[in-house]
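Each remark here refers to the structure printed beneath this line.
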Amino acid sequence: MKEQIEAVQRMQDYIAEHLLENITLASLSKVSCFSTWYSHRLFLQHTNMTPADYIRRLRLSKSAIKLRDESCKIIDAALELGFGSVDGYQRAFFREFGCNPGEYAKNPIPLHLFVPYGVKYRIPRKEKHMNSAKNIFIQITEKPERKVLIKRGFRAADYFSYCNEVGCDVWGLLQSIKSISGEPVCLWLPPQYILAGTSEYVQGVEVPVTYNGIVPDGFDVIILPGAKYLMFKGEPFAEEDYCQAIAEVQEAASKYDPKVIDAQWDLSNPRIQLEPIGTRGYIELHPILERSPH
């Protein structure tokens with residue numbers, strides 16, 4: 001089973017690296033090291049979609065971000081992402097998102113973008129321990145007053161329990177909403193922001209305090225004050241080792257005493273988790289209050 005999963009992961013990696021190129025089943029078969037027929041079967045088995053559907057959905061989601069963030073023509077987005085014609089692209093975009101790309105470019109709305117989770121990383125490998133010492137980078141950063149559009153869980157205290165309660169697809173919707181921080185966030189909420197029967201751990205997106213756009217169904221809006229944070233950032237890691245990378249940063253943060261920078265933990269603001277991305281290292285932000293000089 002491990003050999004088959006790694007073969008599918010190699011196909012996913014190849015698609016991500018060559019998304020703007022012509023990707024054939026033969027090229028996927030080559031990187032998977034299996035026949036074209038068996039490669040297709042494995043991909044469908046482990047991702048619940050064919051390679052063609054996977055590529056199409058990923059290209060459409062990339063095109064939506066391009067239309068949201070860049071002043072580009074529909075034809076440019078269509079051709080750059082590998083669609084042979086504008087008509088075909090428009091039909092595919094509408095089937096995927098329920099709106100016309102031209103209308104979306106003028107007035108971006110929240111969309112359920114496709115998030116290509118790697119099959120190799122779906123099962124956490126908590127049993128692995130790294131004995132070598134790891135460096136944790138610590139820096140003070142600030143966030144302005146802002147609104148956060150959040151999707152609450154029920155009892156979730158971390159990512160895994162949240163996905164079990166809410167589902168992992170919410171991340172794609174969050175990515176479609178332009179964030180002041182450039183990406184969605186996960187939050188451990190202080191008690192004053194938790195509603196009865198809802199979770200401490202939520203996922204959301206930070207938007208300007210003046211935001212008056214669409215709030216997706218099932219989401220709440222909270223307003224967070226401007227605050228200072230200590231950013232804890234670990235070393236880059238292999239994607240399959242993300243559980244260990246998280247544990248290392250969280251252990252370092254738990255042992256850190258903010259008194260060394262003449263500060264204390266701010267229990268009135270949420271702790272923030274960013275998406276674990278191996279190339280940049282795992283990041284958490286812990287709110288602090290700096291002491292007034294005497």
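Within the stretch 217-229, track down each residue that is crowded, with 16+ Cβ neighbours inside 10 Å and either of a type in the set (Val, Ile, Thr) or in contact with a Pro (Cβ under 6 Å, 6 or more places away or on another chain) (or both).
The first filter runs over the stretch 217-229 and keeps only residues crowded, with 16+ Cβ neighbours inside 10 Å, leaving 219, 222, 224, 227-229.
Answer for the stretch 217-229, where residues must be crowded, with 16+ Cβ neighbours inside 10 Å and either of a type in the set (Val, Ile, Thr) or in contact with a Pro (Cβ under 6 Å, 6 or more places away or on another chain) (or both): ILE222, ALA227, TYR229.
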Residues satisfying the stated conditions in the stretch 251-294, i.e. closer than 23 Å to CYS163 by Cβ and acidic (Asp, Glu): GLU251, GLU275, GLU284
Residue that is farthest from the chain's Cα centre (by Cα), among those in the stretch 1-36 that are farther than 22 Å from ALA238 by Cβ and of a type in the set (Gly, Ala, Ser): SER35
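Can you tell me which residue in the stretch 276-294 is farthest from the chain's Cα centre (by Cα), limited to those that are crowded, with 17+ Cβ neighbours inside 10 Å and not hydrophobic (A, V, I, L, M, F, W, C)?
Narrowing the stretch 276-294 to residues crowded, with 17+ Cβ neighbours inside 10 Å: 276, 281-288.
Imposing the further condition that a residue be not hydrophobic (A, V, I, L, M, F, W, C) reduces the set to 276, 281-282, 284, 286-287.
Values: PRO276: 8, GLY281: 14, TYR282: 12, GLU284: 14, HIS286: 19, PRO287: 21 Å.
Looking at the filtered set, the residue picked out is PRO287.
For the subset of the stretch 144-162 comprising residues that are among the charged types (D, E, K, R) and farther than 19 Å from TYR121 by Cα, which member is surrounded by the most Cβ atoms within 10 Å (Cβ to Cβ)? Talk me through it step by step, then tell me what you get.
Residues of the stretch 144-162 that are among the charged types (D, E, K, R), as a first pass: 145-147, 151-152, 155, 158.
In the following step, the residues that additionally are farther than 19 Å from TYR121 by Cα were identified as 145-147, 151-152, 155.
Details: GLU145: 11, ARG146: 21, LYS147: 20, LYS151: 21, ARG152: 23, ARG155: 13.
This residue is ARG152.
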I need the full set of residues from the stretch 184-208 which are among the hydrophobic types (A, V, I, L, M, F, W, C), closer than 16 Å to LYS143 by Cβ and part of a loop (DSSP other than H, G, I, E, B), in order please. LEU189
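Hand me the list of strands (runs of 3 or more DSSP E) wholly inside the stretch 209-294 holding 3 or more residues that are touching a residue at least 40 places away in the same chain (Cβ under 8 Å). Let's see the steps before the verdict.
Working: elements: 220-224, 227-233, 263-265, 271-273, 283-290.
Correct list: 220-224, 227-233, 271-273, 283-290.
Hey, could you check the stretch 163-180 for residues that are among the polar types (S, T, N, Q) and assigned to a helix (DSSP H, G or I) and say which is surrounded by the fewest Cβ atoms within 10 Å (Cβ to Cβ)? Spell out how you get there, then give the answer.
Kept after step one, since they are among the polar types (S, T, N, Q), are these residues of the stretch 163-180: 164, 175-176, 179.
Now drop any that are not assigned to a helix (DSSP H, G or I), which leaves 164, 175.
Working: ASN164: 13, GLN175: 22.
Checked the stretch 163-180; the qualifying residue surrounded by the fewest Cβ atoms within 10 Å (Cβ to Cβ) is ASN164.
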Is it the case that ALA133 is modelled with pLDDT of 90 or more and among the small types (Gly, Ala, Ser)? no
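Could you please let me know if ALA263 is of a type in the set (A, V, I, L, M), touching an Asp or Glu at 6+ places or on another chain (Cβ under 7 Å) and closer than 26 Å to SER199 by Cβ?
Details: of a type in the set (A, V, I, L, M): yes; touching an Asp or Glu at 6+ places or on another chain (Cβ under 7 Å): yes; closer than 26 Å to SER199 by Cβ: no.
Judged against the criteria, ALA263 is not a match.
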Count, please, the residues in the stretch 182-195 that happen to be loosely packed, with under 15 Cβ neighbours inside 10 Å and over 15 Å from ASP220 (Cα atoms). 3
Extreme residue, modelled with the lowest pLDDT, among residues of the stretch 230-275 that are of a type in the set (Gly, Ala, Ser), surrounded by fewer than 20 Cβ atoms within 10 Å (Cβ to Cβ) and over 14 Å from ILE138 (Cβ atoms): ALA238
Selection status of LEU195, within 30 Å of ARG10 (Cα to Cα) and modelled with pLDDT of 95 or more: no
Only one residue in PHE154, PHE137, PHE160 is under 21 Å from ALA227 (Cβ atoms) and either hydroxyl-bearing (Ser, Thr, Tyr) or out of contact with any His (no Cβ under 7 Å at 6 or more places or on another chain) (or both), so which one is that? PHE137
Pair list, Cβ under 8 Å, 6 or more apart: the stretch 64-80 residue at positive phi and modelled with pLDDT of 90 or more, other residue surrounded by fewer than 16 Cβ atoms within 10 Å (Cβ to Cβ) and among the small types (Gly, Ala, Ser): none
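The values are calculated or read from the model by the stated rules, or taken from the named source; none is laboratory data. Please read all numbers here as calculations on a predicted model, not as lab measurements. Note: ideal-geometry Cβ built from the backbone for every residue, glycine included; neighbour counts use all protein chains shown.
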